[in-house]
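Report on one structure; see the data block that follows.
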Amino acid sequence: MLGGFAALVARDEAGAMDLLNRAGIPARALADPDMLISWTAVGDLMEAVAARLGKPCLGLEWAQSTPDPFLSFGPLALLAQFHGTLGEWCTASRDYWRYHTNAYGVELLDPGDGEDAVLRFWASDMVPPSPHQIELTIGGTCMMLRELAEFDDSGFVLVRFQHLAPPDPSCHERLFRCPVEFGACHNELVFRRALHELPIRPPAGHLERYVAARTSAVPGFDASARAMVEAMVPCFVGTRYCTLAHVAELLSMNPKKLQRALARQGTHFAALVDKVRERMARQLLVDTDVPVAKIAGLLGYATTPPFTVAFRRWAGTSPREFRKGCMPAARPL
């Protein structure tokens, strides 16, 4: 969610970092793409930044704040390497998103007749989003679709937002290049069904730029097979794409060749996945209050017991005992 934030607030970096802190988001989240952060906190941050910088269209400006829109949406762009059409990618992206947030989701509505289909974005009633969050999400989605396939402006039929119109909707018209409706019943993108069948054209050099963005803060990153796998695995942990075959395909390697390269470095794919799972588990237990059962699911375990067994192997204690031991001691009154 924080991809592009630094570029957006460059002219008032000190003030923006203060707002980040006030929203309860650690500054290190800007350099850690795998950190889970609060959906509500991001909404609070966006509202505060919009007010401070006088940006009524903050969400749309945020979506356009990096020259490569995929760097702001992480692994969703990498999924394009595994699918041939926009429809397949949309379905895979919808399923992937379910692993990473319960705050909002995407529903693909295809009535099967007529020319149009709908990509609907829903949010939990318990944590209603900021309008800026919704505009960032839908704006970024439209930008990615345009990057992945060739189609003209008639491909997007209508964008609907539940929130009221801003004083000047011209920024919406420039980005979406189709009619925009405010005060609607749903947040959604209406598009031509024919887009489903369009072949994907993955952006050239995206993998290299993505790896560079993920590893820019990693000391001594050497672009070896091991380092590349360690950069890719966190993108897909918990999904059906976290396999030797899929990661090898991303790296344009034969799976056996990747296995041999890892063996020469004294490791193997399963060991690297195990290492990433351990790191992510420790971080989630220390930095969040995400339930243990949810953490197990995020890491790809079907149920909690196998995760508990693995965690005891890593840390010598259960996940709940580990979290309890990391809680700060209560201060005397």
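The values are calculated or read from the model by the stated rules, or taken from the named source; none is laboratory data. Given the structure is predicted, the values throughout are model-derived calculations rather than measurements. Reconstructed Cβ throughout: ideal geometry from the backbone, glycine too, with neighbour counts over all protein chains shown.
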Practice item. Can you give me the number of residues within segment 139-163 that are at pLDDT 95 or above, within 23 Å of the chain's Cα centre (by Cα) and aliphatic (A, V, I, L, M)? Key: 1
Practice item. State all residues of segment 185-233 that are part of a helix (DSSP H, G or I), surrounded by fewer than 16 Cβ atoms within 10 Å (Cβ to Cβ) and modelled with pLDDT under 90; if no residue qualifies, say none. Key: 208, 212
Review point. Within segment 39-64, can you find the residues that are of a type in the set (A, V, I, L, M) and not in a helix (DSSP H, G or I)?
Key: none
**Study point:** Members of segment 242-270 found to be at pLDDT 90 or above and either among the aliphatic types (A, V, I, L, M) or touching a Cys at 6+ places or on another chain (Cβ under 8 Å) (or both), listed by number
**Key:** 244, 245, 247, 248, 253, 258, 261, 262, 263, 270
Review point. Going through segment 78-123 one residue at a time, which ones are in a helix (DSSP H, G or I), of a type outside the set (S, T, N, Q) and surrounded by fewer than 18 Cβ atoms within 10 Å (Cβ to Cβ)?
Key: 82, 88, 94, 95, 97, 98
Study note, to complete from the structure: Picked from segment 147-204 (must be among the acidic types (Asp, Glu) and touching a Phe, Trp or Tyr at 6+ places or on another chain (Cβ under 8 Å)), the residue nearest to residue 66 (Cα to Cα) is 147
Study note, to complete from the structure: Taking first residues from segment 315-333 that are outside the structural domain of residue 278 (by TED's automatic domain parsing) and second residues anywhere that are of a type in the set (D, E, K, R) and modelled with pLDDT under 90, the pairs with Cβ under 8 Å that are 6 or more apart or on different chains are none
Practice item. Answer with yes or no whether residue 150 is assigned to a loop (DSSP other than H, G, I, E, B) and either exposed (fewer than 15 other Cβ atoms within 10 Å of the Cβ) or β-branched (Val, Ile, Thr) (or both). Key: yes
Review point. Among the residues of segment 271-284, is there at least one that is touching a residue at least 60 places away in the same chain (Cβ under 8 Å), crowded, with 19+ Cβ neighbours inside 10 Å and either in contact with a Cys (Cβ under 8 Å, 6 or more places away or on another chain) or not assigned by TED's automatic domain parsing to the domain that holds residue 102 (or both)?
Key: yes
**Study point:** Residue under evaluation residue 240, criteria (1) touching a helix residue (DSSP H, G or I) at 6+ places or on another chain (Cβ under 9 Å); (2) not assigned by TED's automatic domain parsing to the domain that holds residue 281, criterion not met
**Key:** (2)
Exercise for review: Scan segment 163-172 and give yes if some residue there is buried (at least 21 other Cβ atoms within 10 Å of the Cβ) and under 25 Å from residue 80 (Cα atoms), otherwise no.
Suggested key: no
**Study point:** Selection count where residues are among the acidic types (Asp, Glu) and modelled with pLDDT of 70 or more, scope segment 58-90
**Key:** 2
Review point. Quick check, is residue 182 buried (at least 18 other Cβ atoms within 10 Å of the Cβ) and in contact (Cβ under 8 Å) with a residue 12 or more places away in the chain?
Key: no
Check your understanding: Are any residues in segment 16-38 within 27 Å of residue 211 (Cβ to Cβ) and outside any loop (DSSP other than H, G, I, E, B), and if so, which ones?
Key -> 16, 17, 20, 27, 28, 29, 30, 31
